[in-house]
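Worksheet: the structure to be examined is printed underneath.
Just so you know, all these numbers are worked out from the coordinates, no wet-lab data involved. Remember, it's a predicted structure, so these values are computed and weren't measured experimentally. Ideal geometry is used to build each Cβ from the backbone, glycine not excepted, and the neighbour counts take in all protein chains shown.
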């Protein structure tokens, strides 16, 4: 059990780094709003897949990294990611037996919750972003979830 | 949020709830400290250094591609470029002659009025890093930071006009908030008649608004807006944009005015970071015997 937990650390860290890179790869302005939150999806994946390997710590750290990179108030993404990763961990046994459609819908709910916390903190700290396009991210995220989860599980189960 | 512990049939995720609460409290604490006190500046600067390799790693393939494209440009293209640049240089030099004369004249007039320290002469050039910060905010990352003396609130210009200001400083990088960011406002003046107002970003690159002018204000399409220097953040007299459209609705008390920014907000790669603090002793200020007033004195 212990070895399994340890073995997960490397793919976790690597996939999180790649996702972080994808989060800041420059895209044309029109495509930018359609960029899925890769890092968030990766954190959810590991929260569901192996929570004992430190899913919540990963969530908190990834959130902090997003805060620094996006230049928003420190702790915003960390809070949102921690809460939603905990929720994902809570649901994980059910999620594993869900059909793909069900999984995507659950991920959609999680991503919406994530965006909502970000939205709320944005408002509370006095720089609200009210563009409608921010609510697009959960839809995109839910759509690519099957692809991402499939790729990740294929990669680390080898 | 209940029964986290019972949810794991296989064994222990003991304390998921506890850890969740702990991390959340930590994040909340960070937010409060970051918002209320400025104590986290150092930590943030350190963290931005840690993030730097990732940002460079992401940016470098694009820079490499640009370099490759440049190095395989044909001879003909290069020659055409050279001809064009020579012509541009001639025009620029021609203009520069006039500029020097004008500057001398300005200096004389200033001395006459005992008004000091005009536009800061010290500046460094920062290069935009190929990194997307946030899809919903108009921000950029520059490759100059606290190490180069960049400070928060510093004016950023490009060859066309006012670009934005420094919002956050890291050790090696700094974040620029563009004039078109929805949270950005800049004091401006209409060049034609001196009317002062404030230009506010819209969150859309390519558009600013003037929300505080009444329908009867003297402003027409094509008017040039320059910085007024009020507030001291920006040097006075730099172009901010031109009025693209004025909509006067009889039932409203305020006009709706659309402004096209003068700076190439979506294209410029080299930006000027300007010092207009008296400490950066400009030749102009040195030539002037009067004591240095606060930057607000740069206004008309």
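Is there a simple number for the mean count of other chain Cβ atoms within 10 Å of the Cβ of residues in B:126-135, and what is it?
Mean partner shielding for this stretch: 5.
Could you work out the Kirkwood radius for the protein assembly as shown, taking every pair of different alpha carbons, averaging 1/r and inverting it, reported in Å?
25.0
Sorted from fewest to most neighbouring beta carbons within 10 Å, what does the list B:184, A:77 look like?
Listing B:184, A:77 from fewest to most nearby Cβ atoms yields B:184, A:77.
At 1.002 mPa s and 20 °C, plugging the Kirkwood radius over alpha-carbon pairs of chain A into Stokes-Einstein gives what diffusion coefficient in µm²/s?
Taking Rh from Cα pairs, D becomes 135 µm²/s.
Order these by the 10 Å Cβ neighbour count, fewest first: B:103, A:49.
B:103, A:49
Could you give the radius of gyration (one decimal) and Dmax (whole number) of the Cα atoms in the stretch B:123-282, in Å?
Over the stretch B:123-282's Cα set, Rg and Dmax evaluate to 15.9, 53 Å.
Please tell me the relative contact order of chain A in percent, rounded to the nearest whole number, where contacts are Cα pairs under 8 Å and at least six residues apart.
Rounded, it is 24 percent for chain A.
Can you give the calculated 222 nm mean residue ellipticity of the protein assembly as shown, where each DSSP H run of n ≥ 4 adds -39,500 (n - 2.57) and the sum is split over every residue, rounded to the nearest 500 deg cm²/dmol?
-16500 deg cm²/dmol
For the stretch A:80-119 and the stretch B:146-199, what is the centre-to-centre distance using only Cα atoms, to the nearest Å?
Cα centres, the stretch A:80-119 to the stretch B:146-199: 40 Å.
Shape call for the stretch B:118-194 from the C-alpha gyration tensor, a ≥ b ≥ c root eigenvalues: rounded (a/c under 1.5), prolate (a/b greater than b/c) or oblate?
Taking the square roots of the gyration eigenvalues as a ≥ b ≥ c, the stretch B:118-194 is oblate.
With a/c under 1.5 counting as rounded, go ahead and sort the stretch A:46-123 into rounded, prolate or oblate using the C-alpha gyration tensor (a ≥ b ≥ c being the square roots of the eigenvalues; past the cut-off, prolate if a/b is larger than b/c, else oblate).
Cα axes put the stretch A:46-123 in the oblate bin.
Which of the peptides B:199-207, A:53-61 is most tightly packed, and how do the rest follow, judged by the mean count of other Cβ atoms within 10 Å per residue?
In descending order of packing, they fall as A:53-61, B:199-207.
Ignore the peptide's own chain and count Cβ atoms of other chains within 10 Å of each Cβ in A:75-82; give me the average, rounded.
Mean shielding count: 6.
What relative contact order, as a whole-number percentage, does the stretch B:119-238 give when Cα pairs under 8 Å and 6 or more residues apart are counted?
Computed over the stretch B:119-238, the figure is 20 percent.
Between residue B:91 and residue B:63, how many nm apart are label points set 7 Å from Cα along the C-beta direction?
Each label point lies 7 Å from its Cα, and together they span 3.1 nm.
Please rank A:145, B:67, A:120, fewest neighbouring Cβ atoms within 10 Å first, as an exposure proxy.
Fewest-to-most Cβ neighbours within 10 Å comes out as B:67, A:120, A:145.
Which order, highest average first, do B:84-93, B:265-274, B:166-175 follow once you tally other Cβ atoms within 10 Å for each residue and take the mean per peptide?
Highest mean packing first, the order is B:166-175, B:265-274, B:84-93.
Summarise the partner chain shielding of A:62-72 as one whole number: the mean count of Cβ atoms from other chains within 10 Å of each residue's Cβ.
Across A:62-72, the average partner-chain Cβ count within 10 Å equals 6.
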